[in-house]
Amino acid sequence: MGDLKTATFGAGCFWGVEAAFRKIPGVMATEAGYAGGTTRNPRYEEVCTGRTGHAEAVRLLFDPDVVSYPALLDIFWSIHDPTQKNRQGPDLGTNYRSVIFYRDPGQKETALRSKEELERSGRFKRPVVTEIVPATVFWRAEEYHQQYYEKHDGSGRGCAYK
């Protein structure tokens with residue numbers, strides 16, 4: 001095993017995003033949490049109001065000798081609709097935005113190039129609205145959000161906060 005790297009993505013409700021990445025060989029650990037906002041140590045109920053500025057996000061620890069960052073980006077693009085602004089499916093709000101939090105210049109360049117390639121591919125008829133922004137503090141979500149699908153027999157019912 002080589003030196004492990006970190007990647008952070010927001011692609012709607014973090015339950016499904018975390019579940020998708022947990023299945024990928026080379027992804028060594030995942031955490032559901034909140035990133036990109038201004039409130040310190042936010043709670044789920046606060047994030048859902050849209051007033052904290054956070055996105056529901058998943059932080060991955062991965063082995064780049066097994067899975068590359070570009071491969072993780074390919075998965076990211078495939079598990080959500082990056083043309084929907086501030087929503088995914090029934091989940092609506094800035095906390096569900098599509099966002100890549102890059103950790104270094106290499107990740108930034110790779111993410112920008114990947115987004116450009118996706119836009120040129122014609123896969124989507126609408127523009128890709130995914131934000132590509134520097135990673136800031138990642139706040140781990142409450143324990144009941146971690147590995148949610150595994151704890152609930154794969155059910156994502158109730159993903160949106162009511």
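The values are calculated or read from the model by the stated rules, or taken from the named source; none is laboratory data. Because the structure is a prediction, the values reported are computed rather than measured. Note that we place each Cβ from the backbone using ideal geometry, even for glycine, and neighbour counts take in every protein chain shown.
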Exercise for review: Within the range 65-85, identify whether any single residue is more than 14 Å from the chain's Cα centre (by Cα), under 18 Å from residue 142 (Cβ atoms) and modelled with pLDDT of 95 or more, and answer yes or no.
Suggested key: no
Review point. Within the range 120-156, can you find the residues that are part of a loop (DSSP other than H, G, I, E, B), farther than 23 Å from residue 33 by Cβ and not charged (D, E, K, R)?
Key: 122, 124, 127, 128
Practice item. Among the numbered conditions (1) modelled with pLDDT under 95; (2) hydroxyl-bearing (Ser, Thr, Tyr); (3) under 15 Å from residue 7 (Cα atoms), tell me where residue 49 comes up short. Key: (3)
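Just for the range 143-162: of the residues that are more than 17 Å from residue 87 (Cα to Cα) and surrounded by fewer than 13 Cβ atoms within 10 Å (Cβ to Cβ), which one is modelled with the lowest pLDDT? Please lay out each step first, then the result.
We begin by selecting, within the range 143-162, every residue more than 17 Å from residue 87 (Cα to Cα); these are 143-155.
The next check asks that each one be surrounded by fewer than 13 Cβ atoms within 10 Å (Cβ to Cβ); those that pass are 143-144, 150, 153-155.
Numbers: 143: 83, 144: 84, 150: 78, 153: 67, 154: 61, 155: 54.
It comes out as 155.
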